[in-house]
1. Which shape class applies to region 1-121: rounded if a/c is under 1.5, otherwise prolate when a/b exceeds b/c and oblate if not, where a ≥ b ≥ c are the square roots of the Cα gyration tensor eigenvalues?
2. Add -39500 (n - 2.57) for each DSSP H run of 4 or more in the chain, then divide by its residues: what number comes out at 222 nm, to the nearest 500 deg cm²/dmol?
3. For a Förster distance of 56 Å, can you work out the FRET efficiency between the beta-carbons of residue 314 and residue 415, rounded to the nearest 0.05?
4. Between residue 16 and residue 116, what is the FRET efficiency for a Förster distance of 45 Å, r being their Cβ-Cβ separation, to the nearest 0.05?
5. Where Rh is the Kirkwood radius over the Cα pairs of region 424-470, the temperature 20 °C and the viscosity 1.002 mPa s, what D in µm²/s does Stokes-Einstein return?
6. Given a cut-off of under 8 Å on Cα pairs at least six residues apart, what relative contact order in percent is computed for the chain?
7. Run the quick spin-label model on residue 59 and residue 33: label points 7 Å from Cα toward the beta carbon, then report their separation in nm to one decimal.
8. Using a 1.4 angstrom probe on the protein heavy atoms only, line up 7, 497 by accessible area, largest first.
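The values are calculated or read from the model by the stated rules, or taken from the named source; none is laboratory data. Note that the coordinates shown come from a computational prediction; the quantities given were computed from them, not determined experimentally. Methodologically, a virtual Cβ is constructed for each residue, glycine included, from the backbone with ideal geometry; neighbour enumeration extends over all protein chains shown. Surface accessibility is based on the protein's heavy atoms, side chains included, excluding ligands, DNA and RNA. Shrake-Rupley method; radii C 1.70, N 1.55, O 1.52, S 1.80 Å.
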Amino acid sequence: MRDARQEAVVDAWLARLSLRQKIGQMTMAERGSVTPEDVKRNALGAVLSGGGSHPGGNAPADWVRMNDAFWQAAVGDEDSLGIPILFGCDAVHGNNNVAGATILPHNIGLGAAGNVELVAEAAGVTAREMLASGLDWNFAPVLAVVQDCRWGRTYESYGNDPRRAGRFGRRYVEALQGEDIVACVKHWVGDGGTGHGIDQGETTLSWEELEATHVAPYYPAFEAGVMTVMVSFNSWNGEKCHGSRFLVTDVLKGRLGFKGLVVSDWDGIDFLHEEYATAVRLSVNAGLDMFMVPERWREFIDTLEAEVHGGGVSPARIDDAVRRILRTKLRSGVFDRPRPARRPGVEVACTGCDAHREVARRAVRRSLVLLKNAGNLLPLDPASRILVAGKSAHDLGHQCGGWTLSWQGEKGNDTIAGTTVWQGIHALAPHARLSEDGGDADPDRDDVAVVVVGETAYAEGFGDIRSGDEMLVEAGSAVDGLMNPLEPYARSQVLAEVHPEDVACIRRIAARGVPVVAVLISGRPLVVEEEMAASTAFVAAWLPGSEGLGVGEVLLGREDFAGRLPLPWPSAAGNVPRFPAGFGLDYGFDNAVAMAYKRK
Ligand code: GLC
């Protein structure tokens, strides 16, 4: 009944809207390139904040004020059209653009934690903090099934298992949409399967292989009623997904019966063809419905209008797109919701609240994977003298990674609210001390050292590891369209080659007779033979987010390790994993210190 009523409302709108207004609904602009007056004059369907694009002082109230102004222009004024916009952003590990937000572990850590209800709790924290900022639409969850951890977006995936991606993606969608935030599963399709892990590269697979690995995780999300799908930059067998009528119309909308809206990625249509008109025509006719054209949104509207007048795009295709957009807005409830400034969620002062940070801390504890523990060095005695060192021991930017306050992430502790690994250890072990680089390690002063090493923050292609650019030539030559290679993070998966300061710090301390617990902060597994050989114990902490205390709680035996590798760990040899997916040690029940805490 509801659907029939909603379809009748859509029919009425379609009968009312001009072609240009319909095309406006198909257009999503970036907040920095559009005013509320532009939204009104052009009937824009959505506005987004790109990574790090925030209003005013970046407090929740600034976001509410911004969204309220867009809402007023679209719905509230005498001359408003009356169709609310959707305001979207990438809240991929908490409401991570907003100052003071709870920053959850990135998905790779949730994959290691292996607990689907924890994923639902993470989605709930994210939804509530998004509602407090007056937001409607989250470009999450990523359903990528990573096949090569040289990919810069490995950390946005739950790992290499399609079943886990499907289960976790479903729970995330249920929890997020259950709290009135529209979810967006991405990136359709095969983003995690490109050759050499090149971001936006070429995924060469049979349909059967693509379906089994990269399409399968979407089925549970569709069953859960996910309302939007974002198309991927990558190509499949040489065809860009943004131009693939087979993948978008025949499979997604046809065979799978998806009834929501399909949105492009950031200027994703630009890479279809040098001529913009051709790119627009190809992507609209492939079946995309809404277009993320952050800056060139005026040109997009004019170009698509000309294509319809010229017969390149049919009015029926436009109506299908707008029908899906309006259906999604009706299903999401935005038509019936009060203006952002008066929505119940904005009254809730939950951004970065203790309850949310407790969820994040629990996720951190469960995400840690113990890879080595010679002589049962761990857990540490809280009364012991612990030297804490390493470039990421006291750096919230490193421990949160990309998509945190800015697209590429931060460095240092000036912009993110949280506790570093050092602060977490010191909160539990009063005799701990922080060292710059371990140069002051002294066995007469220090019983043990915790050295926190790994990657600095990155996002998307800037996180790729590419040994040489001949791979790009190979990938690009297979693609019918344009490639967009970004400068890679590194030319090697070997941590000692990329960050030699890390193994140097570990060796400097160990050489003085102080045993080392190495903690790796990274978006993915790396080759760490040298660091592991020089350490007595070794922990993979992934990108834990704002709650570094969670790391200290497990190192000091408050809780046992629970994490298991969500994908194989590479070795220097390359073809044989150092550790298989599913590997992870724990304290077991024969450890006195851990048991001491269990008794408390
Ligand atoms: C980016 C990403 C996509 C994100 C979008 C908006 O390029 O590929 O995951 O949702 O742009 O920020």
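1. Values: a/c = 2.70, a/b = 1.53, b/c = 1.76.
Since a/c reaches 1.5 but b/c is at least a/b, the shape of region 1-121 is classed as oblate.
2. On the way: 21 runs with 205 residues, N = 600.
It comes out at -10000 deg cm²/dmol, rounded to the nearest 500.
3. Working: r = 48 Å, r/R0 = 0.86.
After rounding, the FRET efficiency stands at 0.70.
4. Details: r = 44 Å, r/R0 = 0.97.
For residue 16 and residue 116, the calculated efficiency is 0.55.
5. On the way: Rh = 14.3 Å.
So the translational diffusion coefficient is about 150 µm²/s.
6. Working: 1468 pairs, mean separation 103.5, N = 600.
Rounded, it is 17 percent for the chain.
7. Taking the simple label geometry, residue 59 and residue 33 are separated by 3.1 nm.
8. Working: 7 45, 497 125 Å².
From most accessible down to least: 497, 7.
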